[in-house]
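*Asks:* This is the structure I have questions about; it appears just below.
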Amino acid sequence: MLQQVNALVTINRPLTGDYWLIELEAPSIAGLLSPGQFVNIRIPGLVPFLRRPFSVYRVNKERRRLQVAYKMLGEGTRLMTTALSEGGFCDVIGPLGKGFSLPEQAKRIAVIGRGIGIAALPTLVDLAATRNIDVRGFLSARTPPNLIGADIFADHGFPVETHVDGDRNVQVVTDLLQAEISRTSFDAIYVCGSNRLTRAAHRLAQQAGILSEVAMEQHMACGFGDCHGCVIAVNTDREGTEKAWREVCHYGPVFQTWEIINASA
């Protein structure tokens, strides 16, 4: 059930590279949240007044606190670093949207992320670990300091491959997954971070005959489908013969990759 709370800010500090980490004491949201869902945060002093949507990075074991990893990209995220100070309060709504699904009998999954898209994936990694599902991580970023989340895989004992722009040995991080799939079986692929990665993940999943899902990144002002500002065109059948407009915040942000026209074309 959707909650709006004035949550205590327990952490708001630099994480690495261009990223910051904010942690909120919000048990009524954290306790309900599924991997891939998001929250909408009100940033004091921001004009015009629009909430900002953020993937949830982690939820603590007691499910009382949730973390958001965010990148300073514009006025809103810059203001977050000062307006939401530790010990203060944050007006947050959640959990929002539809999250990832894990196949019931899954034994091994691949998780692919690039840039801030990586922030949508650790909650899925944490859930897979509780179900004794093996996770292989494939993370990409513009520069080494902007690679986040590799430590989370390591904490669970999961292997992770990383790729940064300019690496002459690998063009794109999904090349590493393609090599891995040739010798290891997977039950699902999950991706967030770019259209290019989504297309590659879809192609690899089709070849292997397995589930593939993507967490879409979109501006979502209201978070629950009323403003219709985050619509995208999607396929409504696997053959791509029927298409429709769907609000990412309501029907997603997680979609199967075959639903995404640019991924399956």
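*Asks:* How large are Rg and Dmax for the stretch 68-146 when calculated on the C-alpha trace, in angstrom?
*Replies:* Both quantities, over Cα of the stretch 68-146: 15.9, 45 Å.
*Asks:* Using the Kirkwood radius over C-alpha pairs as Rh, can you work out the diffusion coefficient of the stretch 213-265 via Stokes-Einstein at 20 °C, viscosity 1.002 mPa s, in µm² per second? Don't skip to the answer; put the middle values down first.
*Replies:* On the way: Rh = 11.1 Å.
Once the numbers are plugged in, D ends up at 194 µm²/s.
*Asks:* If R0 is 45 Å, what FRET efficiency do you get for GLN4 and ASP237 from their C-beta distance, rounded to 0.05?
*Replies:* 0.80
*Asks:* Moving on. What is the stretch 12-87's relative contact order, in percent, from Cα pairs under 8 angstrom and six or more apart in sequence? Spell out each step's value before the answer.
*Replies:* On the way: 119 pairs, mean separation 28.3, N = 76.
For the stretch 12-87, the relative contact order is 37 percent.
*Asks:* Rounded to a whole number of µm²/s, how large is the Stokes-Einstein D of the stretch 14-170 at 25 °C and 0.890 mPa s, given Rh as the Kirkwood radius over C-alpha pairs?
*Replies:* Values: Rh = 16.4 Å.
Estimated diffusion coefficient is 150 µm²/s.
*Asks:* Per DSSP helix of 4 or more residues, -39500 (n - 2.57); summed, then divided by the residues of the chain. What does that give at 222 nm, rounded to the nearest 500? Mind showing how you got there, number by number?
*Replies:* Values: 8 runs with 59 residues, N = 265.
When only DSSP H runs of four or more count, the value is -5500 deg cm²/dmol.
*Asks:* What helices does the chain hold that run 15 Å or longer along their axis, going by alpha-carbon atoms, with a Kyte-Doolittle average of -1.0 or more, using DSSP H for the helix calls? Don't skip to the end; give the middle numbers.
*Replies:* Numbers: long enough: 195-208 (20 Å, -0.94).
Passing helices, by number: 195-208.
*Asks:* Something else about it: Would you mind working out the magnitude of the charge dipole of the stretch 108-264 relative to its Cα centre, with +1 at each Lys and Arg C-beta and -1 at each Asp and Glu C-beta, to the nearest 20 Debye?
*Replies:* Working: 13 positive and 18 negative charges, 66 e Å.
Dipole size: approximately 320 debye.
*Asks:* Oh, and also: Relative to the Cα centre, what is the charge dipole magnitude of the chain, using +1 at the beta carbon of each Lys and Arg, -1 at the beta carbon of each Asp and Glu, and rounding to the nearest 20 debye?
*Replies:* Details: 26 positive and 26 negative charges, 22 e Å.
That gives the chain a dipole magnitude of about 100 debye.
*Asks:* Within the chain, which cysteines find no other Cys whose Cβ is under 4.7 angstrom from their own?
*Replies:* CYS90, CYS192, CYS230, CYS249
*Asks:* In nm, give the distance between the simple-model label positions of ASP151 and SER182, each being 7 Å from the Cα along the Cα-to-Cβ direction.
*Replies:* The answer from the label model is 3.5 nm.
*Asks:* Please state the equivalent ellipsoid semi-axes for the stretch 120-256: what are the square roots of 5 times the Cα gyration tensor eigenvalues, largest first, in whole Å? Spell out each step's value before the answer.
*Replies:* Details: eigenvalues 142, 66, 53 Å².
With the √(5λ) rule applied to the stretch 120-256, the semi-axes are 27, 18, 16 Å.
*Asks:* Additional query: Once you sort the root eigenvalues of the Cα gyration tensor of the stretch 51-104 as a ≥ b ≥ c, which label holds: rounded (a/c under 1.5), prolate (a/b larger than b/c) or oblate (the other case)? Walk me through the numbers before you get to the answer.
*Replies:* Details: a/c = 2.37, a/b = 1.61, b/c = 1.48.
Prolate, because a/c is 1.5 or more and a/b exceeds b/c.
*Asks:* Hey, in the GNM for the chain with a 10 angstrom Cα cutoff, which one of THR130, THR198, THR143 fluctuates hardest?
*Replies:* Its mean-square fluctuation being the largest, the pick is THR130.
*Asks:* Identify which of THR241, THR123, THR77 has the largest mean-square fluctuation in a Gaussian network model of the chain, with springs joining Cα atoms closer than 10 Å.
*Replies:* THR241
*Asks:* Largest first, please: the extent of the C-alpha atoms of the chain along each principal axis, to the nearest Å.
*Replies:* Cα spread of the chain along its principal axes, largest to smallest: 50, 41, 36 Å.
*Asks:* Jot down the per residue volume, in cubic angstrom and as a whole number, of the convex hull over the alpha-carbon atoms of the stretch 3-96. Numbers along the way, then the final one.
*Replies:* Values: hull volume 8.1 nm³, N = 94.
Taking only Cα atoms, the stretch 3-96 has a hull volume of 86 Å³ per residue.
*Asks:* Moving to a separate point now. If you take every DSSP beta bridge whose two residues both sit in the chain, what share of them, in percent to the nearest 5, is antiparallel? Show your work: numbers first, answer last.
*Replies:* Working: 38 of 60 bridges.
Bridges in the chain that DSSP calls antiparallel: roughly 65 percent.
*Asks:* Can you give me the C-alpha center-to-center distance between the stretch 67-115 and the stretch 26-46, rounded to a whole angstrom?
*Replies:* Using only Cα atoms to place each centre, the spacing works out to 8 Å.
*Asks:* Can you tell me how much longer the chain between GLN171 and HIS228 gets when fully stretched, taken as 0.36 nm per residue apart minus their C-alpha distance, in nm with one decimal?
*Replies:* Working: separation 57, 0.36 × 57 = 20.52 nm, distance 3.64 nm.
Contour length minus the Cα-Cα distance gives 16.9 nm.
*Asks:* Note down the relative contact order for the stretch 169-265 as a percent, whole number, built from C-alpha pairs under 8 angstrom at least six residues apart. Write down the numbers at each step before the final one.
*Replies:* Numbers: 143 pairs, mean separation 25.8, N = 97.
It rounds to 27 percent for the stretch 169-265.
*Asks:* Can you give me the long-range amide H partners of CYS230? Hydrogens built in the peptide plane at 1.01 Å from N, cutoff under 5 Å, separation of 5 or more residues or another chain.
*Replies:* Those qualifying (amide H under 5 Å, at least 5 residues apart or on another chain) are VAL248.
Any read-out appearing in this document is the output of simple, stated calculations on the displayed coordinates, not a laboratory observation. Just so it is clear, the structure is predicted and the values come from calculations on it, not from any experiment. Using ideal geometry, Cβ is built from the backbone for each residue, glycine included, and neighbour counts are taken over all protein chains shown.
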